[in-house]
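Report on one structure; see the data block that follows.
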Amino acid sequence: MTIFYILDILGTIAFAISGALVAMNKKMDPFGVFIIAFVTAVGGGTLRDVLIGKQPVIWMTDITYVFLISSAVFIAILFRKKLKHLQKSLFLFDTIGLGIFTITGTEIGINAHFHPVISIALGTMTASFGGVIRDILCNEVPILFRKEIYATACIFGSIAFIILHHLNIDQTIVYVSTTLIVIAIRLVAVKYKLSLPTFYSEN
(Lines give C-alpha, C1' and ligand atoms only; values in the text may rest on other atoms or scores of the structure.)
Protein backbone atom coordinates (compact mmCIF):
# COMPACT_ATOMS: atom_id res chain seq x y z
CA MET A 1 0.00 0.00 0.00
CA THR A 2 1.65 3.24 -1.16
CA ILE A 3 1.55 6.62 0.54
CA PHE A 4 -0.42 7.91 -2.45
CA TYR A 5 -3.10 5.26 -1.96
CA ILE A 6 -3.32 5.96 1.79
CA LEU A 7 -3.76 9.67 1.12
CA ASP A 8 -6.43 8.95 -1.46
CA ILE A 9 -8.31 6.79 1.04
CA LEU A 10 -8.07 9.47 3.75
CA GLY A 11 -9.30 12.12 1.32
CA THR A 12 -12.20 9.92 0.28
CA ILE A 13 -13.25 9.37 3.89
CA ALA A 14 -12.95 13.07 4.75
CA PHE A 15 -15.02 14.20 1.76
CA ALA A 16 -17.60 11.44 2.29
CA ILE A 17 -18.18 12.61 5.86
CA SER A 18 -18.30 16.21 4.64
CA GLY A 19 -20.97 15.32 2.09
CA ALA A 20 -22.95 13.29 4.61
CA LEU A 21 -22.98 16.21 7.05
CA VAL A 22 -24.25 18.59 4.38
CA ALA A 23 -27.00 16.13 3.41
CA MET A 24 -28.05 15.69 7.04
CA ASN A 25 -28.16 19.46 7.46
CA LYS A 26 -30.64 19.41 4.56
CA LYS A 27 -32.60 16.66 6.37
CA MET A 28 -32.26 14.15 3.53
CA ASP A 29 -33.16 10.49 3.96
CA PRO A 30 -30.38 7.84 4.30
CA PHE A 31 -30.27 7.21 0.56
CA GLY A 32 -29.93 10.94 -0.12
CA VAL A 33 -27.17 11.17 2.47
CA PHE A 34 -25.29 8.33 0.76
CA ILE A 35 -25.63 9.85 -2.73
CA ILE A 36 -24.40 13.27 -1.59
CA ALA A 37 -21.52 11.67 0.31
CA PHE A 38 -20.62 9.57 -2.72
CA VAL A 39 -20.53 12.40 -5.26
CA THR A 40 -18.60 14.59 -2.82
CA ALA A 41 -15.98 11.90 -2.31
CA VAL A 42 -15.45 10.77 -5.91
CA GLY A 43 -16.95 13.53 -8.06
CA GLY A 44 -13.72 15.48 -8.58
CA GLY A 45 -11.64 12.37 -9.18
CA THR A 46 -14.20 10.98 -11.62
CA LEU A 47 -14.18 14.18 -13.66
CA ARG A 48 -10.38 14.18 -13.64
CA ASP A 49 -10.17 10.57 -14.84
CA VAL A 50 -12.69 11.20 -17.61
CA LEU A 51 -10.78 14.24 -18.86
CA ILE A 52 -7.41 12.45 -18.96
CA GLY A 53 -8.95 9.38 -20.61
CA LYS A 54 -8.50 6.97 -17.70
CA GLN A 55 -11.20 4.37 -18.15
CA PRO A 56 -12.84 2.97 -16.15
CA VAL A 57 -12.59 5.56 -13.35
CA ILE A 58 -10.81 4.50 -10.18
CA TRP A 59 -13.80 3.72 -7.93
CA MET A 60 -15.15 1.30 -10.55
CA THR A 61 -11.98 -0.79 -10.48
CA ASP A 62 -11.39 -0.66 -6.71
CA ILE A 63 -14.51 -1.50 -4.69
CA THR A 64 -12.68 -0.34 -1.55
CA TYR A 65 -13.83 3.20 -2.30
CA VAL A 66 -17.50 2.21 -2.25
CA PHE A 67 -17.06 0.39 1.06
CA LEU A 68 -15.17 3.34 2.54
CA ILE A 69 -17.85 5.82 1.55
CA SER A 70 -20.61 3.54 2.86
CA SER A 71 -18.76 3.17 6.18
CA ALA A 72 -18.18 6.93 6.43
CA VAL A 73 -21.90 7.58 5.86
CA PHE A 74 -22.83 5.00 8.50
CA ILE A 75 -20.45 6.57 11.02
CA ALA A 76 -21.70 10.09 10.26
CA ILE A 77 -25.34 9.05 10.72
CA LEU A 78 -24.58 7.00 13.84
CA PHE A 79 -22.74 9.83 15.57
CA ARG A 80 -24.76 12.73 14.19
CA LYS A 81 -26.09 13.66 17.65
CA LYS A 82 -22.59 13.74 19.09
CA LEU A 83 -21.43 16.12 16.39
CA LYS A 84 -22.72 19.12 18.30
CA HIS A 85 -21.01 21.60 16.04
CA LEU A 86 -21.98 20.29 12.62
CA GLN A 87 -20.73 23.35 10.78
CA LYS A 88 -17.30 23.08 12.42
CA SER A 89 -17.19 19.35 11.71
CA LEU A 90 -18.23 19.95 8.11
CA PHE A 91 -15.57 22.61 7.64
CA LEU A 92 -12.87 20.41 9.19
CA PHE A 93 -13.53 17.35 7.03
CA ASP A 94 -14.02 19.46 3.90
CA THR A 95 -10.68 21.19 4.49
CA ILE A 96 -8.83 17.92 5.10
CA GLY A 97 -10.28 16.43 1.90
CA LEU A 98 -9.37 19.59 0.01
CA GLY A 99 -5.73 19.38 1.08
CA ILE A 100 -5.30 15.69 0.34
CA PHE A 101 -7.07 15.59 -3.02
CA THR A 102 -5.17 18.64 -4.28
CA ILE A 103 -1.95 16.69 -3.93
CA THR A 104 -3.21 13.39 -5.35
CA GLY A 105 -4.70 15.14 -8.38
CA THR A 106 -1.55 17.13 -9.01
CA GLU A 107 0.65 14.04 -8.84
CA ILE A 108 -1.54 12.24 -11.35
CA GLY A 109 -0.96 15.14 -13.74
CA ILE A 110 2.80 15.03 -13.15
CA ASN A 111 2.95 11.27 -13.67
CA ALA A 112 1.02 11.68 -16.93
CA HIS A 113 3.71 14.19 -18.04
CA PHE A 114 1.27 17.07 -18.40
CA HIS A 115 2.41 20.69 -18.35
CA PRO A 116 2.63 22.04 -14.76
CA VAL A 117 -0.33 24.36 -15.42
CA ILE A 118 -2.47 21.38 -16.41
CA SER A 119 -1.28 19.44 -13.36
CA ILE A 120 -2.31 22.35 -11.15
CA ALA A 121 -5.71 22.43 -12.84
CA LEU A 122 -6.14 18.68 -12.28
CA GLY A 123 -5.22 19.02 -8.61
CA THR A 124 -7.67 21.89 -8.11
CA MET A 125 -10.39 20.03 -9.99
CA THR A 126 -9.88 16.81 -8.04
CA ALA A 127 -10.08 18.69 -4.75
CA SER A 128 -12.95 21.06 -5.40
CA PHE A 129 -15.37 19.67 -7.97
CA GLY A 130 -16.82 17.02 -5.68
CA GLY A 131 -17.88 19.91 -3.44
CA VAL A 132 -19.30 21.75 -6.44
CA ILE A 133 -21.51 18.78 -7.34
CA ARG A 134 -22.51 18.40 -3.68
CA ASP A 135 -23.56 22.03 -3.37
CA ILE A 136 -25.49 22.00 -6.65
CA LEU A 137 -27.44 18.89 -5.63
CA CYS A 138 -28.14 20.51 -2.25
CA ASN A 139 -29.42 23.67 -3.97
CA GLU A 140 -26.55 25.85 -2.78
CA VAL A 141 -24.27 28.19 -4.70
CA PRO A 142 -20.99 26.20 -4.82
CA ILE A 143 -18.38 27.60 -2.49
CA LEU A 144 -15.91 27.52 -5.39
CA PHE A 145 -17.93 30.22 -7.15
CA ARG A 146 -18.12 32.54 -4.18
CA LYS A 147 -15.44 34.89 -2.95
CA GLU A 148 -14.11 32.54 -0.28
CA ILE A 149 -10.53 31.35 -0.64
CA TYR A 150 -11.12 27.73 -1.65
CA ALA A 151 -9.71 26.87 -5.05
CA THR A 152 -6.96 29.44 -4.43
CA ALA A 153 -5.67 27.31 -1.55
CA CYS A 154 -5.57 24.32 -3.92
CA ILE A 155 -3.61 26.28 -6.50
CA PHE A 156 -0.95 27.39 -3.99
CA GLY A 157 -0.65 23.86 -2.58
CA SER A 158 -0.37 22.41 -6.07
CA ILE A 159 2.36 24.89 -7.02
CA ALA A 160 4.28 24.02 -3.84
CA PHE A 161 3.95 20.32 -4.63
CA ILE A 162 5.35 20.74 -8.14
CA ILE A 163 8.29 22.81 -6.89
CA LEU A 164 9.19 20.37 -4.10
CA HIS A 165 8.71 17.41 -6.44
CA HIS A 166 11.22 18.84 -8.93
CA LEU A 167 13.67 19.48 -6.09
CA ASN A 168 13.66 15.71 -5.43
CA ILE A 169 12.72 16.12 -1.78
CA ASP A 170 11.61 13.00 0.10
CA GLN A 171 8.17 11.94 -1.11
CA THR A 172 6.62 11.68 2.35
CA ILE A 173 7.78 15.19 3.25
CA VAL A 174 6.38 16.55 -0.01
CA TYR A 175 2.99 14.90 0.53
CA VAL A 176 2.62 16.01 4.15
CA SER A 177 3.97 19.55 3.79
CA THR A 178 1.96 20.46 0.70
CA THR A 179 -1.24 18.97 2.11
CA LEU A 180 -0.71 21.06 5.24
CA ILE A 181 -0.13 24.16 3.10
CA VAL A 182 -3.59 23.82 1.56
CA ILE A 183 -5.20 23.16 4.92
CA ALA A 184 -3.35 26.06 6.57
CA ILE A 185 -4.30 28.55 3.84
CA ARG A 186 -7.94 27.54 4.10
CA LEU A 187 -7.95 27.73 7.92
CA VAL A 188 -6.23 31.12 8.00
CA ALA A 189 -8.54 32.51 5.31
CA VAL A 190 -11.65 31.50 7.25
CA LYS A 191 -10.30 32.54 10.65
CA TYR A 192 -9.35 36.02 9.48
CA LYS A 193 -12.21 36.32 6.97
CA LEU A 194 -9.87 36.70 4.02
CA SER A 195 -11.51 36.56 0.61
CA LEU A 196 -10.89 37.26 -3.03
CA PRO A 197 -11.77 40.75 -4.29
CA THR A 198 -15.15 41.18 -5.90
CA PHE A 199 -16.51 43.74 -8.35
CA TYR A 200 -20.00 43.61 -6.83
CA SER A 201 -21.18 46.45 -4.59
CA GLU A 202 -22.51 45.75 -1.13
CA ASN A 203 -25.89 47.28 -2.02
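The values are calculated or read from the model by the stated rules, or taken from the named source; none is laboratory data. The structure presented is a predicted model; accordingly, all values stated were derived computationally and were not measured. Cβ sites come from the backbone with ideal geometry, for glycine too, and all protein chains shown count toward neighbours. Side chains included, ligands, DNA and RNA excluded: accessible areas come from the protein's heavy atoms. Shrake-Rupley method; radii C 1.70, N 1.55, O 1.52, S 1.80 Å.
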Probe of 1.4 angstrom, ligands and nucleic acids ignored: what's the accessible area per residue over the chain, in square angstrom?
54
Compute the relative contact order of the chain as a whole-number percentage, counting only Cα pairs closer than 8 Å that sit 6 or more residues apart in sequence.
23
Give me the distance in nm between label points sitting 7 Å out from Cα along the Cα-to-Cβ direction at VAL117 and LYS27, one decimal.
4.8
Over the chain, the sum of -39500 (n - 2.57) across DSSP H runs of at least four, divided by residue number and rounded to 500 deg cm²/dmol, gives at 222 nm -25000 deg cm²/dmol
With a Cα-only, solvent-free Debye model of the stretch 1-96, what are the log10 I(q)/I(0) values at q = 0.13, 0.18, 0.23, 0.24 Å⁻¹?
-0.43, -0.78, -1.16, -1.23
Which whole-number percentage describes the relative contact order of the stretch 8-61, with Cα contacts under 8 Å and a sequence gap of 6 or more?
33
What do you get for Rg/Rh of the stretch 109-174 when both radii come from the Cα atoms and Rh is the Kirkwood radius?
1.07
Hey, got a sec? Which GluC sites (Glu not before Pro) in the stretch 89-165 land in a DSSP loop and have at most 15 other Cβ atoms within 10 Å?
GLU140
Which of (i) 50; (ii) 63; (iii) 67 is the computed percent of Cα pairs over 21 Å apart for the structure on display?
(i)
Accessible surface of the chain [probe 1.4 Å, protein heavy atoms]: carbon and sulfur percent
70
